[in-house]
């Protein structure tokens, strides 16, 4: 008895027999040509500017700070604004340092305690890259345990070092491969949104209702 | 050619009822209002997004090329995908047809001891009617995309590829939630979304299995990708201990780099966004037990009639579809009748070509005719599928008896009448004198048109197509004086 796998392959081969494609496989060089990629993002300042502009246009809130101490202050203000008390953290050292400086918040590891994660007010994570073209955060699941902390709480605060912002989607994909393609690569662009009822845009239907990005100018 | 012994099938198919369903849709003014709203909004947003992209045409051509490259060597790329996915630790399953796919998922769910199953949006699972099979097996599949959840609660099918519940008003959804969920009735959209968030959070937490669709599968890395806006796909694939992605054999692209162009094309074509809120690229299960995410990742690869389209480039190109929905929003037919009229989970122009090809022309023989062949669908398609050409190809198949015999017999009389009508028309219109006489008659008979229904009655008697045409429209009045008369006057007065 043939398995489904063999049967599907046999059917594909039978139907493709004698088919001459007009298209030869693209060579790497052509495949990597970045059609539609925006230009002029070589300078860091231009990348930060575009990242901020595009992310803001999709309801992301961007805060630019000079160092980790300022990042802590901004995080304190964000928590106060939303009345957040219980805060989930990823296990990134920078996240621990910045959020750890806030003694009045109750923090916990969001990857360890699912029950508290479902109840908490806010999640703080890092992001491995930003994408200037699309105002996107790039999260590699092997770099940090931030899969659930960036997703389950109603507010997500992401810490991004401005040196990690790459110009375009293509460079972000190349970085993902360079990182060895972890089990999950997440691209996040703004808060969760839906238009499924009468096309009225509502944010926060399943994922975070609010996305804050704290951009740290690290050098 | 389909593999003998398989039975490609599309769930809940009523695609031969297009004329009937379309008539019903045309009488539904609420539906038509909603349709104009969605198609205009998505159409405008798409146009703006495309206008801001100078290399759009080059991108479409690249995407078409990559898809043709993949499909014409699909055995090679599919093998490569399976090898790399398995090397990354993904369990790969195959299904010849819908029944085999549903039973494979059911067996997996049972093996996992799964009761609640969190599902994120997937047209392929709609195609195979997965939910009903799982429900019959005593399991609880929960659609978690807001639109899909609404239609699941209502027991309906999607009416638009990317806005499945667009045919329902907020008032209808308010009633539905109040009845089904026993919550206090509200028609505030924000509130309705909060209710969904609250109810579905429990499903994500309870689910033992998450099922997602697959937007793209990458041969050289064994990865697959899901695009979404709500975060329900992220939750469905992050909280349960097992994740299953369901995909058709055509979802492949060869190289990781190829993603870039598709990521620019798909959101702009679908909703006019430069990027949807979330993209998740999955490559195998978590590396260590301490990590987050599912312990097991499975992929189910479905044929269900697709491989039969590979042999010829005309039919093969329909497998390039990336399910953006752009062709629905520009289609003059879809805009009027909406998705349900097509009687298939795949509506609109692309549905009119996919449905008969997958399910068999005899099961969808009216769909290829549900088009004016205006070509708007071809112009917006991000992978340049020549939909009008495919529609003609399918019409040919239906009319020439290449299709099943009962189709040929029924249409033979119509074909004869049509040929005679056009021949008469050509003769009448190609002589200056005959043309003049026809015009004179039209103008003289004009006053009769003022009598309600008379023209319609006469037209119906004269020839069936004319009667059908005037049944839903007013006959345009002829101008009181002909161009030739006006011209003569002008010339004479000089």
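Coordinate-derived values only; no laboratory data. Worth saying up front: this structure is predicted, and the values here are computed from it rather than measured. So basically every Cβ, Gly included, is an ideal-geometry build from the backbone, and we count neighbours across all protein chains shown.
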Among A:71, A:37, A:115, determine the one that fluctuates most according to a GNM of chain A built with springs between C-alpha atoms less than 10 Å apart.
A:115
What value, in deg cm²/dmol to 500, does the helix sum -39500 (n - 2.57) over DSSP H runs of n ≥ 4 give at 222 nm once divided by the residues of the protein assembly as shown?
-14000 deg cm²/dmol
For the range A:54-183, what's the relative contact order in percent, using C-alpha pairs closer than 8 Å and at least 6 residues apart?
23
Please find the FRET efficiency linking residue B:26 to residue B:424, where r is the Cβ-Cβ separation and R0 is fixed at 25 Å, and quote it to the nearest 0.05.
0.25
Mind checking the angle between helix B:405-429 and chain B's longest principal axis? C-alpha axes, 0 to 90 degrees, to the nearest 10.
40
For B:254-263, what's the mean count of beta carbons from other chains sitting within 10 Å of each residue's beta carbon?
6
Take chain A, connect every pair of alpha-carbon atoms lying under 10 Å apart with a spring to form a Gaussian network, then pick out the residue of A:164, A:30, A:107 with the largest mean-square fluctuation.
A:30
Across the residues of B:167-180, average count of Cβ atoms on other protein chains within 10 Å?
1
Work out how much length residue B:103 to residue B:483 would gain on full extension: take 0.36 nm times their residue separation and subtract the Cα-Cα distance, in nm to one decimal.
130.0 nm
Go ahead and run the numbers for FRET between residue B:441 and residue B:45, Cβ-Cβ distance against an R0 of 56 Å, rounding to 0.05.
0.70
Residues B:428, B:313 arranged by fewest to most Cβ contacts within 10 Å:
B:428, B:313
Given points 7 Å out from each Cα along the Cα-Cβ axis, report the residue A:112 to residue A:42 separation in nanometres with one decimal.
4.7
If you fit an axis through the alpha-carbon atoms of helix B:432-444 and take the longest principal axis of the Cα set of chain B, what angle between them do you get, 0 to 90°, nearest 10?
90
Work out Dmax and Rg for the protein assembly as shown from the C-alpha atoms and quote the Rg first, both in angstrom.
28.1, 98
Multiply the residue gap between residue B:490 and residue B:198 by 0.36 nm, knock off their C-alpha separation, and tell me the result in nm, one decimal place.
97.6 nm
Does the range B:15-308 come out rounded, prolate or oblate by the C-alpha gyration tensor, with a ≥ b ≥ c the root eigenvalues, rounded set by a/c under 1.5 and, if not, prolate when a/b is larger than b/c and oblate if not?
oblate
Gap in Å between the Cα centre of the range B:326-403 and the Cα centre of the range B:197-244?
31
Relative contact order of the range B:15-308, pairs being alpha-carbon contacts under 8 Å that are 6 or more residues apart, as %
27
Helix B:387-399 axis, angle to chain B major axis (alpha carbon atoms, nearest 10°)
70
How far apart, in nanometres, would the label points at residue A:179 and residue B:58 be if each is projected 7 angstrom from Cα along the Cα-to-Cβ direction?
2.9
Run through all the Cα pairs of the range B:1-148 and give the fraction in each 5 Å bin from 0, expressed as whole percent.
2, 7, 9, 11, 15, 15, 15, 14, 9, 3, 0, 0
How high is the relative contact order of chain A? Use alpha-carbon pairs under 8 Å, at least six apart in sequence, and give a whole percent.
24
Sorted largest first, the C-alpha extents of chain B along its principal axes in whole angstrom are 94, 55, 49
Sorted by Cβ neighbour density within 10 Å, fewest at the top, the residues B:127, B:47:
B:47, B:127
10 Å Cβ neighbours from other chains, averaged over peptide B:221-227:
2
Between residue B:135 and residue B:373, what is the label-point separation in nm under the 7 Å Cα-to-beta-carbon projection?
4.1
Which of A:144, B:61 has the fewest other C-beta atoms within 10 Å, and how do the rest follow up to the most?
B:61, A:144
Computed over chain A, Cα set: Rg, Dmax in Å
21.2, 71
